[in-house]
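What follows is a set of notes on a single structure, which appears directly below.
Read the figures in this text as sums done on the coordinates, not as results from a lab. These numbers come from a predicted model, not from an experiment. Backbone-built Cβ (ideal geometry, glycine too); neighbour counts: all protein chains shown.
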Amino acid sequence: MKLTKMLWLAVFLIPFAMHSQQIADHALGLRLGDSDGFGAEISYQKRLGQFTRMEADLGWRDSREYDAFKLSGNFQWVRHLDGSFNWFYGVGGNIGSVDFEQGVTDDDGGLFIAAAGTLGIEYDFEIPLLISFDIRPEIGILGYDGFDDNFDFDIAIGIRYQFQ
């Protein structure tokens, strides 16, 4: 009888204990960073494996100097740190378009491409909420003078709702 009770208890408690060590199937939210990442980005994460996921972010900017959008994609490996904390790292890239206002530069704008990496830490709450802090170094492959043609260091805080 005691063995049966212990087995039932284990069956119900193990999934709760493992919750903080697993990646959610989907997460949708915002990534709020500096101007190199265009400030606020809509962020989506999709679990690919037990310890891997894909992240896609869409950022845009409408300013006096230029209008632009940037789509970022990263493949990430997630490692358990302690309790509800995880750390992650990854590789990916960015592609986007910029349209300069008249008088800012001699160029009208166009396509830009950059390679990127990711390194960060996240906290997985008991509710379906994930908060993260990450660093995304980016190096321009194709760009315009003064716009994504050099090394950028994007730092951001993310808040995402997790769901199945």
### Query
Counting Lys +1, Arg +1, Asp -1, Glu -1, what net charge surrounds Gly49 among other residues with beta carbon under 15 Å of its beta carbon?
+2
### Message
So if each residue of separation counts as 0.36 nm, and I subtract the Cα-Cα distance between Asp108 and Ile157, what length gain in nm does that give?
### Response
14.4 nm
## Note on the structure
Counting only backbone N atoms under 18 Å from a point 7 Å out along Cα-to-Cβ of Leu30, the residues of region 126-143 in range are 129-134
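What length, rounded to one decimal in nm, is gained on full extension from Val91 through to Ile139, with 0.36 nm per residue of separation minus their alpha-carbon distance? Walk me through the numbers on the way to the answer.
Details: separation 48, 0.36 × 48 = 17.28 nm, distance 1.19 nm.
16.1 nm is the gain from fully extending Val91 to Ile139.
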